[in-house]
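Q: I am attaching a structure below and will ask some questions about it afterwards.
Values quoted throughout were computed directly from the atomic coordinates according to the rules given, and no laboratory measurement underlies them. Remember, it's a predicted structure, so these values are computed and weren't measured experimentally. Here the Cβ positions follow ideal geometry from the backbone for every residue, glycine too, while neighbour counts run over all protein chains shown.
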Amino acid sequence: MDEENVIKTPGGNKVWCKDGIIHYLISAPVDESEAVQLRDEGWKFVDAGEAHLVSIDIQQSTQFSSAARRIWVEFFKHPKIFRATIFGGNVFVRTLASFVIAASSRGNMKFFATEKEALKWLHVSVDQNIST
């Protein structure tokens, strides 16, 4: 991660764009205001045409409020997000992530155990020029 290009939220989470992928590092609890900021920062990259893929690292995550989950669902429904992955996390956080994936009602999201698996799946989409 190139710290120069990283946006750190007031809550301590991070977002950056690299190689057409919006990367999130969720290491602090996400409430409604934190989720709004994370969503808006990601949408800036999407709307600018810098990225159409999303990778979310929840390995250090501990909590997502129900309002935050609703905002994440809204984020993933953006028509210019082609694919998204969520990886890592404990059983509780993975369960919350699975709710977000199911609620987004799109087949373009998957959960993975590791970052390596997640990025491999995203790169397949780039190689196949998947678009929606």
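Q: Which whole-number percent gives the relative contact order of the chain, counting Cα pairs below 8 Å spaced six or more residues apart?
A: In percent, rounded to a whole number, it is 21.
Q: If you build a Gaussian network model of the chain, linking Cα atoms that sit under 10 Å apart, which residue out of ALA102, ALA51, ALA68 swings the most?
A: In the Gaussian network model the winner is ALA102.
Q: For Kirkwood radius over Cα pairs in Å, several values are listed as (1) 14.5; (2) 23.3; (3) 15.8; flag the one computed from this structure.
A: Recomputing Kirkwood radius over Cα pairs in Å here picks out (1).
Q: Another question about this same structure. R0 = 35 Å: FRET efficiency of ASN5 with SER65, Cβ-based, nearest 0.05?
A: The pair ASN5/SER65 has a calculated efficiency of 0.80.
Q: Is it possible to state the helix-based mean residue ellipticity at 222 nm for the chain, with each DSSP H run of 4+ residues giving -39500 (n - 2.57), the sum divided by total residues, to the nearest 500 deg cm²/dmol? What is it?
A: Rounded to the nearest 500, it is -13000 deg cm²/dmol.
Q: Turning to a different aspect of this structure: Tally Lys/Arg at +1 and Asp/Glu at -1 over every other residue whose Cβ is under 13 Å from the Cβ of VAL93; what's the total?
A: Combined, the nearby Lys, Arg, Asp and Glu give +1.
Q: OK, next. 5 Å is the cut-off here: which amide hydrogens, built 1.01 Å from N in the peptide plane, fall below it relative to PHE112, excluding neighbours closer than 5 in sequence?
A: ILE86, PHE87, GLY88
Q: Picking from PHE111, PHE64, PHE99, which is most flexible by a Gaussian network model of the chain using Cα springs under 10 Å?
A: Of PHE111, PHE64, PHE99, the Gaussian network model singles out PHE99 as fluctuating most.
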